[in-house]
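Trainee: Before we start, here is the structure in question, set down as structure tokens.
The values are calculated or read from the model by the stated rules, or taken from the named source; none is laboratory data. Nothing here was measured: the structure is a model prediction, and the numbers come from that model. No Cβ is skipped: glycine too gets one built from the backbone with ideal geometry, and neighbour counts run over all protein chains shown.
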């Protein structure tokens, strides 16, 4: 049985959340060349069209994810990150299910994401594809390159 995590809306004010965002950005920069990282930092995650959720195991942050409204009846999954102490314990799957559920409640027709293409992104890609996301075209302001890829889930 998978552990249960408390998933709650996050206002980005807590040090554990800010630390995990910093870790997320560092990881993105470690696996993608300069100019090819589109992860949101604290200011981007604080934007009005973005909702951030964090997963907690007691008082420890286990992960975070964000959903950005694109304004065309679709949403974009942003900033999925599991804390290293909670890898392979179902955190990302729980957050992904939460974000998909919220996208459905909002009436979105599709949930999309942009991610890297290197080996460091393989675990996340496997999770997304297992959940039904499939490869597709660039969306929004993104431009396709050899360093990124786009996945979409019809809702």
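Trainee: In the range 86-102, how many are in contact with a strand residue (DSSP E or B) (Cβ under 7 Å, 6 or more places away or on another chain) and over 20 Å from residue 136 (Cβ atoms)?
Mentor: Count: 7.
Trainee: Further question on the same structure: Failed condition for residue 114, given (1) within 27 Å of residue 83 (Cα to Cα); (2) buried (at least 18 other Cβ atoms within 10 Å of the Cβ); (3) modelled with pLDDT of 95 or more, with all others met?
Mentor: Going through (1) within 27 Å of residue 83 (Cα to Cα); (2) buried (at least 18 other Cβ atoms within 10 Å of the Cβ); (3) modelled with pLDDT of 95 or more one by one, residue 114 breaks only (3).
Trainee: Here is a follow-up. Output yes when any residue across the range 138-148 is buried (at least 17 other Cβ atoms within 10 Å of the Cβ), at positive phi and out of contact with any helix residue (DSSP H, G or I) (no Cβ under 6 Å at 6 or more places or on another chain), and no when none is.
Mentor: For the range 138-148, residues buried (at least 17 other Cβ atoms within 10 Å of the Cβ), at positive phi and out of contact with any helix residue (DSSP H, G or I) (no Cβ under 6 Å at 6 or more places or on another chain): absent.
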